[in-house]
Amino acid sequence: QVQLVESGGGLVQAGDSLRLSCAASGRTFTYYAMGWFRQAPGEEREFVAAISPYGGSTYFADSVKGRFTISRDNAKATVYLQMNGLKPEDTAAYYCAARQAKVTMNRDEYGIWGQGTQVTVSS
C-alpha cells in the first residue's frame with residue numbers, strides 16, 4: 001500500500017492562501033482515490049475534498065466550495081489542496097487519505113492516512 005506524507009501547513013492570516021501537498025510512496029499512485037480531511041481540537045475529523053484516481057472527478061465540502069481546489073500530479077505521486085481565502089474556522093490539522101477504490105467523501109472508507117499538517121488562520 002502507499003505511504004502518505006503531508007506538507008505545506010503553517011500560520012497565516014485570514015484571507016491568505018496556502019497549498020498543502022501530500023506525497024505518496026509505495027504502490028502505484030493511480031490505483032488510489034485521494035481525499036483531504038481536517039480535524040479541529042475537540043471536533044471529529046471532517047471531509048474537505050476528494051479526487052478520483054485520474055483527476056476526472058472532484059468533490060468538496062460545502063464549507064470550502066469556491067475557495068479550495070484539489071488536484072493531483074500522478075507523475076509525481078502527489079495530491080495538492082490549494083486553499084484560498086482562508087478563514088479562522090479553517091484552522092485544523094489537515095490529513096490526506098487514500099483508498100484503493102472509487103472516490104468517496106466518506107471518511108470511514110479511507111484506510112490509509114498521513115500524519116497530518118497543521119493549518120492555523122489568525123483573524
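Restricting to region 5-15, count the residues that are surrounded by 15 or more Cβ atoms within 10 Å (Cβ to Cβ) and either free of Cβ contacts under 8 Å to residues at least 12 places away in the same chain or part of a loop (DSSP other than H, G, I, E, B) (or both). Number of matching residues: 2. Every test in (1) over 15 Å from Ala92 (Cβ atoms); (2) modelled with pLDDT of 95 or more; (3) of a type in the set (Val, Ile, Thr) is passed by Thr30 save one, and that test is (2).
Determine which member of the set Val2, Val103 is of a type outside the set (D, E, K, R), farther than 15 Å from Gln118 by Cα and open to solvent by 10 Å² or more (accessible area, probe 1.4 Å).
Going through Val2, Val103 in turn, just one is of a type outside the set (D, E, K, R), farther than 15 Å from Gln118 by Cα and open to solvent by 10 Å² or more (accessible area, probe 1.4 Å): Val103.
For Thr28, state whether it is out of contact with any Cys (no Cβ under 6 Å at 6 or more places or on another chain), among the polar types (S, T, N, Q), open to solvent by 30 Å² or more (accessible area, probe 1.4 Å) and under 20 Å from Ile112 (Cα atoms). Spell out the reasoning first.
On the way: out of contact with any Cys (no Cβ under 6 Å at 6 or more places or on another chain): yes; among the polar types (S, T, N, Q): yes; open to solvent by 30 Å² or more (accessible area, probe 1.4 Å): yes; under 20 Å from Ile112 (Cα atoms): yes.
Taking the combined requirement at face value, the residue satisfies it.
Evaluated against (1) closer than 16 Å to Leu18 by Cα; (2) without any contact (Cβ under 8 Å) to a residue 60 or more places away in the chain; (3) surrounded by fewer than 14 Cβ atoms within 10 Å (Cβ to Cβ), Pro88 falls short on exactly one condition, (2).
Does Tyr54 meet the test of being open to solvent by 20 Å² or more (accessible area, probe 1.4 Å), in a loop (DSSP other than H, G, I, E, B) and among the aromatic types (Phe, Trp, Tyr)? Yes, satisfied. For region 58-69, the criterion of being in a strand (DSSP E or B), touching a Cys at 6+ places or on another chain (Cβ under 7 Å) and among the hydrophobic types (A, V, I, L, M, F, W, C) is met by none of the residues. Filtering region 99-112 for residues that are of a type outside the set (Asp, Glu), touching a Leu at 6+ places or on another chain (Cβ under 8 Å) and either under 16 Å from Ala23 (Cβ atoms) or in a loop (DSSP other than H, G, I, E, B) (or both) leaves a non-empty set.
The values are calculated or read from the model by the stated rules, or taken from the named source; none is laboratory data. Note that the structure is predicted; figures quoted are calculated from it, not measured. No Cβ is skipped: glycine too gets one built from the backbone with ideal geometry, and neighbour counts run over all protein chains shown. The area values use the complete protein model at the heavy-atom level, side chains included, leaving out ligands, DNA and RNA. Shrake-Rupley method; radii C 1.70, N 1.55, O 1.52, S 1.80 Å.
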